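Student: Before I ask anything, let me first share the structure, which is written out below as structure tokens.
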Amino acid sequence: MADDDFGFALPPFNAGNALVQVKRSLRDLQLSERGSGFELEGRAVLQLGVEDGAIVAQLARRLSMTPEWDRQVVKSGADQRKLLDEVKRRLERWQRED
């Protein structure tokens with residue numbers, strides 16, 4: 001029973017459509033889009049790109065003018081939700097630190 005797929009497969013991940021959704025969600029979080037990245041108060045927070053059918057995201061560890069980056073690869077809808085949740089957590093942390 002553990003390998004039941006209920007007779008249907010999940011749709012394939014479309015990185016282009018997912019990138020549009022991620023960008024929309026980031027703008028909803030009050031981040032400013034600059035080229036392929038997003039900023040908060042003039043400081044880089046996130047860089048996005050598409051490679052091999054997946055979204056490659058570089059997320060700043062700390063809010064600074066020259067951030068250190070954590071890399072995440074988004075290959076599914078679940079990964080997309082994890083990325084957005086992590087961005088929200090870091091935004092909250094940065095607001096508390098200010």
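Just so it is clear, none of the values below were taken in a lab; they were calculated from the coordinates. Being a predicted model, the structure only gives us computed values, none of them experimental. Virtual Cβ from ideal backbone geometry, glycine too; neighbours counted across all protein chains shown.
Student: If I take every Cα pair under 8 Å that is 6 or more residues apart in the range 27-98, average their sequence separation and divide by the length, what percent do I get for the relative contact order?
Tutor: About 19 percent, as a whole number.
Student: Give the average over all directions of the projected area of the C-alpha convex hull of the chain, one decimal, in nm².
Tutor: Seen from a random direction, the Cα hull of the chain projects 7.9 nm² on average.
Student: Place a +1 charge on the Cβ of each Lys and Arg in the range 15-97 and a -1 charge on the Cβ of each Asp and Glu, then give the dipole magnitude about the Cα centre in debye, rounded to the nearest 20. Walk me through the numbers on the way to the answer.
Tutor: On the way: 16 positive and 13 negative charges, 39 e Å.
I would put it at about 180 debye.
Student: If you don't mind, there's one more thing I want to ask. What's the local net charge at R81, with K and R +1, D and E -1, over the other residues with C-beta under 13 Å away? Mind showing how you got there, number by number?
Tutor: Numbers: positive: K75, K82, K88, R89; negative: D79, D85, E86.
So the environment of R81 carries a net charge of +1.
Student: Shifting gears a bit: Per-residue HN-Hα couplings for the range 67-79, Karplus 6.51 cos²θ - 1.76 cosθ + 1.60 at θ = phi - 60°, whole Hz, x for Gly and Pro?
Tutor: x, 8, 10, 9, 9, 10, 10, 9, 10, 7, x, 5, 5
Student: I need the calculated FRET efficiency for the pair N17 and R89, taking r as the beta carbon distance and R₀ as 35 Å, to the nearest 0.05. Could the numbers behind the result be given before it?
Tutor: Details: r = 25 Å, r/R0 = 0.70.
The pair N17/R89 has a calculated efficiency of 0.90.
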